[in-house]
Amino acid sequence: MEINRIFTNNQAWIDQKIKSDPQYFEKLSKGQYPDILYIGCSDSRVSAEELMGVSPGDVFVLRNIANVIPNSDIGSQSVISYAVSYLKVKHVVVCGHYNCGGIKAAMESADMGILNSWLRNIRDVYRLHRAELDVITDEEERYRRLVELNVQEQCVNVLKTADVQRANKERNLSVHGWVFDLKTGQLRDLKIDFNSILSDIKKIYKIV
Ligand code: CO
């Protein structure tokens with residue numbers, strides 16, 4: 001990818017948008033009213049908007065390595081707070097993907113420097129689900145399952161935030177766990193049963 005090519009592409013995009021709606025950018029600059037907060041992986045192959053077929057203004061996006069929502073990470077906590085309490089999104093999506101390098105790295109013991117503490121969040125997911133994961137003998141299968149369980153645990157982290165707790169009492173807000181399959185391009189809803197997961201942990205986190 002030639003870096004200067006980006007600006008040529010950008011002009012072509014502007015021309016195309018204006019051609020179909022001369023007021024496109026004027027409207028875009030007026031404000032954003034997205035219904036969805038999408039939390040996904042930074043992986044260059046998992047381009048959030050493109051795979052969902054959505055347009056600018058439709059989705060508030062957070063991407064980081066392996067779509068992790070650590071409780072002490074001010075960056076992701078701020079994104080969730082703003083999207084839920086100010087933009088009033090109706091849906092929060094955590095979308096993982098198979099063949100995720102972050103998940104793979106967390107399954108190995110290599111020293112990744114500053115990444116170690118980030119990957120520890122995923123190793124914590126492994127520890128929580130060790131009984132299920134350790135009996136999966138096929139390594140590829142175990143890797144895929146950890147991708148899914150990481151989505152589940154990060155959804156729980158989203159549900160534990162004060163903003164989501166408050167929104168849940170006041171209005172309809174749903175949390176979804178999805179996974180993207182790079183090999184087929186398919187996006188799948190993991191249909192995680194949050195009610196039963198939450199009733200299990202309610203007492204610990206005092207989730208109401
Ligand atoms: Co990834």
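The values are calculated or read from the model by the stated rules, or taken from the named source; none is laboratory data. Model, not experiment: these values are computed from the prediction. For neighbour counting, all protein chains shown are included, and Cβ atoms are generated from backbone atoms with ideal geometry for every residue, glycine included. Heavy atoms of the whole protein, side chains included, go into the accessibility calculation; ligands, DNA and RNA do not. Shrake-Rupley method; radii C 1.70, N 1.55, O 1.52, S 1.80 Å.
Considering only segment 76-113, how many residues are in a helix (DSSP H, G or I), touching a helix residue (DSSP H, G or I) at 6+ places or on another chain (Cβ under 8 Å) and either away from the ligand (no atom under 16 Å from the Cβ) or not aliphatic (A, V, I, L, M) (or both)? Matching residues across segment 76-113 total 6. Tallying residues that are surrounded by 12 or more Cβ atoms within 10 Å (Cβ to Cβ), within 28 Å of residue 27 (Cα to Cα) and either within 13 Å of the ligand (Cβ to nearest atom) or not hydrophobic (A, V, I, L, M, F, W, C) (or both) within segment 52-75 yields 4.
Number of residues in segment 120-161 that are under 30 Å from residue 172 (Cβ atoms) and open to solvent by 60 Å² or more (accessible area, probe 1.4 Å): the value is 1. When residue 145 is tested against (1) assigned to a loop (DSSP other than H, G, I, E, B); (2) within 19 Å of residue 177 (Cα to Cα), exactly one condition is not met: (1). If the condition is being within 13 Å of the ligand (Cβ to nearest atom) and free of Cβ contacts under 8 Å to residues at least 24 places away in the same chain, then segment 33-51 contributes 42, 44, 47. Working only within segment 5-34, note down all residues that are more than 30 Å from residue 90 (Cα to Cα) and either among the small types (Gly, Ala, Ser) or modelled with pLDDT under 95 (or both). Matches in segment 5-34: 12 only. Quick check on segment 115-129. Is at least one of its residues over 23 Å from residue 177 (Cα atoms) and within 16 Å of the ligand (Cβ to nearest atom)? Checked against the condition, which is being over 23 Å from residue 177 (Cα atoms) and within 16 Å of the ligand (Cβ to nearest atom), segment 115-129 yields at least one hit.
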